[in-house]
Amino acid sequence: MATPTIAKVIPVSEPKSLSHNSHVEPSPDTKEIIDIEHVPVNDDPRQWSYARKVRSRHHLMLLIDQVDAVSPVDRNFVYSSNILIRTDLHATNNQISWTLAAFILVQGNFPLIWSAIAEITGRKVIYLLSSGLFVVGSAVLALSKTIEVMIAMRTLQAAGSSAFLAISAATLADIYDTHERGTMMGVFYAAPLLGPALGPVIGGLLSQAFNWRAIFYFLLICGVIIFLFFLILFKDTYRCERSLTYYFALQRRSASRGPVRHSSQSTIAGSEFSKNQTRDKDLEKQFQLPVVPEKIPSATPTPGPDNIRLSIKDINPFPPYFQILSRKNNVLVLTVNGLVFGFNYCLSYTCERTLANAYGYDTLSVGLVLLCLGIGSVAGSIIGGRWSDRVVGKMVKANGGQWHAEMRLESSKLTMLWIPLSLIGYGWACDKHLNVAVICVMLILVGFTTIWMYASTLAYLVDANPGRSAAAVATNSSFRGSLAFLSVLIAVPLQNAWGDGILFTGWACVLAAAELLVIIVVHKGESWRKGNEENERKMLSK
């Protein structure tokens, strides 16, 4: 991989377009904002020939769907076999709960590390490392003799599977431009959404036909197949020239090697180092982010200054994380996504208990009912993603061809009224023990409406954080995992104390408040982003 040369900033008066194939232009107020996503690169995935693009994208989508389907299925598999595991390993209820809680917490937060490493090594290395960890964890779990080993290996398994969702979203951002990203995010996210519904069904079938260890042998086989797919078939889409994390790491490494020579032919802009500067602090103040000139014939990245090559040692996962959290628009949307997934975990967990206790359903029957939630979620993801692209296209056209990231969130307004109503309807249908057909209909409606909104908010995080897509999705995963962890811990006590009716009426109020946060970002997010970007440029230019 060629590293970009550090050079003086190329003066640019006014970029005329976002990229060679972009259908939108930035708004007049944002034309001076750096467009790192469209810095020219060699073998640009967005510039592939039509035949190669269709072939590669469809192949990649199939591969991503397969690996992302494993992660949530793995998480929900053991629901159906908890009693068998507890009996066989002589475990307590608290220890069984920790096998789930530890998995959720690690799976939610470990992508912060994977995403940082991915900005140096590329996507393929992360896929191979993470699937390797997943294989090791699954193999040891299948042979485990104590609950302590199971908790430890579930943690390792979670660390491995956590990379798939976060890095896959970044991979799609590498390939798809803004105007088509909503649709592809929706399609991409459809497979993982079936996991929570399919997990109990598949786990129940395997446990009944064999025993609980068959679950982990099944996951072991899936992990090996995924590893081989990435090793043989996957072509890396990462380009270091479009990574802000890479730029800052390169600058820090350059500072430790003395003044940097400048090249007039570089397509990546940097800053000239003063002779008397201190190392990291003064360096980052002087760093100028890359800009895209009006006319660049082709991308020809050249070797870095003094042939500098970066390694994992040059990456700190926390600065990108805090950079994402420093923006109010990000924090509000991340909170919304965390609440949506906290609710979904609470719903799946408590629904199984309600169906087993109040309706007398066995594990397989419970899984089949929960499949309704998965069906609604998949439909909401695919249709919601396509609708968000359609809304963005109409707004860009009405706005004279000018685009800003907050247009993506407008599509989420369509289901905002139905989310609280569907939650209340579901809760009281369970509370009053209505016919299970009513519960199935409400589960479909709940899944459809909540994930419709999530499809827009996830795509917005990628759109609003160019150059940091992996970090943005990893931070989103951290919020999701942390709030889901808390949700699992409080779900049963609240259900026992309040019942399903009051519990999900409360969740309806919480998600109604989350919808207000989305509306605030729709109206204030653009001005907040401009202010943040201006402040960053001022700090870096001092």
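The values are calculated or read from the model by the stated rules, or taken from the named source; none is laboratory data. What you are looking at is a predicted structure, and each value in this text was computed from that prediction instead of being measured. Areas reflect the complete protein model, heavy atoms only, side chains present, ligands, DNA and RNA absent. Shrake-Rupley method; radii C 1.70, N 1.55, O 1.52, S 1.80 Å.
Structure values in brief
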item: Using distinct alpha-carbon pairs, which all enter the 1/r mean, Kirkwood radius of region 336-418 in Å; result: 15.4 Å
item: Whole-number accessible area per residue in Å² for region 483-540, which is evaluated in the context of all protein chains at 1.4 Å; result: 47 Å²
item: Region 489-542: Rg to Rh, with Rh as the Kirkwood radius over Cα pairs; result: 1.38
item: Sulfur and carbon atoms: percent of accessible area, region 316-386 [1.4 Å]; result: 65 percent
item: Long-range HN-HN contacts of Q402 with modeled amide H, under 5 Å; result: E25
item: Accessible surface ranking that places the most exposed of V336, V510, V135 first, with a 1.4 angstrom probe; result: V510, V135, V336
item: Reduced Cα scattering model of region 97-148, Debye log10 I(q)/I(0), q = 0.14, 0.15, 0.20, 0.22 Å⁻¹; result: -0.47, -0.53, -0.83, -0.92
item: Region 365-466: projected area of the alpha-carbon convex hull, averaged over directions, in nm²; result: 7.1 nm²
